[in-house]
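S.K.: Once you've had a glance at the structure underneath, I'll fire off some questions.
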Number of protein chains: 2
Amino acid sequence: MISKSRARLVRRLTVRRMREREGLALAEGPRVVLEALKSPLQVRWVLAGAEHAGSGIGRRVLDACSQRGVEVQVAPDREVRGLASTERPQPVIACVAAPPPVPRPLDRGRYLMATGVQIPGNLGTLIRSAWGFGLDGVVIGAGTVDPWNHKVVRASAGGVFHLPMTSGPDPVDPLEGVNLLCADAAGAVPGGPGRGVPRDWVLALGNETGGLPARLLRRARAIAVPMAAGVDSLNVAVAGSILMYLLTRGGE
Amino acid sequence: MISKSRARLVRRLTVRRMREREGLALAEGPRVVLEALKSPLQVRWVLAGAEHAGSGIGRRVLDACSQRGVEVQVAPDREVRGLASTERPQPVIACVAAPPPVPRPLDRGRYLMATGVQIPGNLGTLIRSAWGFGLDGVVIGAGTVDPWNHKVVRASAGGVFHLPMTSGPDPVDPLEGVNLLCADAAGAVPGGPGRGVPRDWVLALGNETGGLPARLLRRARAIAVPMAAGVDSLNVAVAGSILMYLLTRGGE
């Protein structure tokens with residue numbers, strides 16, 4: 001049986017303000033929980049459904065907890081499911097230390113910067129791709145959804161636990177010394193490192209309908225994914241992912 | 001004021017069975033409605049919010065309707081919004097003839113085949129990318145969400161109106177003469193037309209967690225998007241879109 005105080009904490013952590021106050025976020029489902037357990041972040045405890053814990057992937061979660069010395073509470077599957085935010089949840093929930101995004105220098109390394117990305121699935125998918133292509137971090141710019149939102153965590157497939165989340169650049173001297181890139185149909189197709197692409201860069205992506213704010217657009221070099229005639233644009237997570245792929249691949 | 005029978009029809013069309021019975025689907029929001037009006041499909045009528053119709057994009061919708069001879073009914077914004085399925089709707093809804101996917105030969109042309117893609121946003125995003133990269137159609141295989149589902153239509157940005165939707169291949173002689181490709185980490189990175197990629201192909205994508213059924217995997221040539229060590233996979237819509245990009249781009 002899950003204690004009332006723990007159930008209350010899980011419910012509180014669905015609210016951004018509470019996540020920020022507690023410095024905690026939730027991971028749901030065995031795959032995402034396993035990524036949290038593999039990541040550098042501290043996992044406070046795991047709630048596991050008793051029946052699910054007997055399945056192959058359920059046992060992998062318990063093994064990973066015991067290796068990392070993480071407390072596991074086993075409860076009836078339906079109790080754990082009842083606390084989950086996702087639609088058809090598998091009954092495993094982890095409580096993870098969720099450091100707030102902090103400013104970091106962006107002049108060395110390769111970063112994705114999301115400014116005004118509002119759909120959780122888009123931000124999560126972008127974080128998953130940034131992790132998949134070995135970027136150094138993700139900058140959470142103004143107007144972007146909270147990276148610790150449960151839909152973002154889920155869509156990131158746990159990538160959010162592996163990459164440093166950085167807060168938006170200092171507004172006074174925003175991106176001095178940074179190779180700022182942005183997606184724009186008028187830009188050139190990036191050719192990969194050593195083919196006109198600098199080693200270090202920040203790829204800025206904007207709002208799903210409004211795009212990037214003008215002050216960033218003015219500073220950025222435009223790069224493009226070529227498309228068929230008559231087609232306006234790709235989904236922001238798709239365009240961003242293709243560009244991350246092109247910018248990070250080796251020469252062919 | 002929207003007639004009761006029309007309001008009832010809009011509500012019925014949120015249900016797959018009803019869409020199939022009527023051969024109709026809904027487009028919501030001015031951008032998606034504009035794509036329906038530009039597409040080869042018949043648009044039966046458009047409901048437009050009176051206030052919204054005075055905005056720049058609202059006027060573009062009315063102009064496109066008058067050019068195509070489509071009946072427009074103007075009603076208070078809140079009445080049109082009240083009929084919309086999307087979360088923060090703009091008050092424009094179109095009723096569009098939605099032909100059911102039918103079998104087509106797949107041995108000539110370039111097709112995306114979605115088998116077991118269950119998340120509407122993923123299928124819609126894939127259709128948007130297939131449209132963006134000039135594919136010839138999308139095959140809706142077994143277990144895939146209805147392409148006329150409102151979330152698919154929305155995520156496709158209207159691409160679903162521009163590309164032929166094809167039903168799954170004949171189960172007896174499924175894909176004879178077809179260059180069937182699938183995403184798999186063990187495959188080679190596709191180099192684009194003339195670089196080991198045939199002119200005609202079908203790119204098969206499977207379920208978000210389970211992947212492709214074995215009978216298709218056995219038949220398919222594996223192609224891959226290279227990723228960082230320790231990362232399992234990308235989002236299916238991202239992986240599919242990157243592969244469509246690589247398969248359709250010209251030599252560099």
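The values are calculated or read from the model by the stated rules, or taken from the named source; none is laboratory data. In this text, all values refer to a predicted model and were calculated from it rather than measured experimentally. A quick note on method: Cβ atoms are made from the backbone with ideal geometry, for glycine too, and the neighbour counts reach across all protein chains shown.
S.K.: Enumerate the pairs (first residue in the range A:80-97 and touching a residue at least 24 places away in the same chain (Cβ under 8 Å); second residue anywhere and aromatic (Phe, Trp, Tyr)) with beta-carbon separation below 8 Å, excluding pairs fewer than 6 apart on the same chain, so at least 6 apart or on different chains.
M.R.: Between residues of the range A:80-97 that are touching a residue at least 24 places away in the same chain (Cβ under 8 Å) and residues that are aromatic (Phe, Trp, Tyr), the close pairs are A:ALA94/A:TRP45; A:CYS95/A:TRP45; A:VAL96/A:PHE161.
S.K.: Is it the case, given these coordinates, that B:GLY191 is within 30 Å of B:ARG11 (Cβ to Cβ) and either touching a residue at least 24 places away in the same chain (Cβ under 8 Å) or within 14 Å of chain A (Cβ to nearest Cβ) (or both)?
M.R.: Criteria not met by B:GLY191.
S.K.: If you go through the range B:196-223, how many residues are surrounded by 15 or more Cβ atoms within 10 Å (Cβ to Cβ) and polar (S, T, N, Q)?
M.R.: Counting residues in the range B:196-223 that are surrounded by 15 or more Cβ atoms within 10 Å (Cβ to Cβ) and polar (S, T, N, Q) gives 1.
S.K.: List every residue pair whose Cβ atoms sit under 8 Å apart, with the two residues 6 or more apart in sequence or on different chains, where the first one lies in the range B:218-230 and is without any contact (Cβ under 8 Å) to a residue 60 or more places away in the chain and within 12 Å of another protein chain (Cβ to nearest Cβ) and the second, anywhere, is of a type outside the set (Lys, Arg) and assigned to a strand (DSSP E or B).
M.R.: Sorted first by the residue in the range B:218-230, then by its partner, the pairs are B:ALA224/B:ALA183; B:ALA224/B:ASP184; B:ALA224/B:ALA185; B:ALA224/B:ALA186; B:ALA224/B:GLY187; B:ALA224/B:ALA188; B:VAL225/B:ALA183; B:MET227/B:ALA185.
S.K.: Look through B:CYS65, B:CYS95 and report the one residue that is more than 13 Å from every other protein chain (Cβ to nearest Cβ), under 17 Å from the mean Cα position of the chain (by Cα), crowded, with 20+ Cβ neighbours inside 10 Å and more than 16 Å from B:ALA157 (Cβ to Cβ).
M.R.: Answer to the check: B:CYS95.
S.K.: For the range A:14-44, name all the residues that are of a type in the set (Gly, Ala, Ser) and part of a loop (DSSP other than H, G, I, E, B).
M.R.: Listed by number, the residues that qualify are A:GLY23, A:GLY29, A:SER39.
S.K.: Being at pLDDT below 95 and more than 14 Å from every other protein chain (Cβ to nearest Cβ) narrows it down to one of A:ASP184, A:ASP146, so name that one.
M.R.: Just a single option satisfies the conditions, and that option is A:ASP184.
S.K.: Could you tell me whether A:GLY134 is within 14 Å of chain B (Cβ to nearest Cβ), part of a loop (DSSP other than H, G, I, E, B) and touching a residue at least 40 places away in the same chain (Cβ under 8 Å)?
M.R.: yes
S.K.: With the checklist (1) within 19 Å of A:VAL33 (Cα to Cα); (2) assigned by TED's automatic domain parsing to the domain that holds A:ALA183 in hand, flag the one item A:SER85 doesn't pass.
M.R.: Looking at each condition in turn, A:SER85 falls short on (2).
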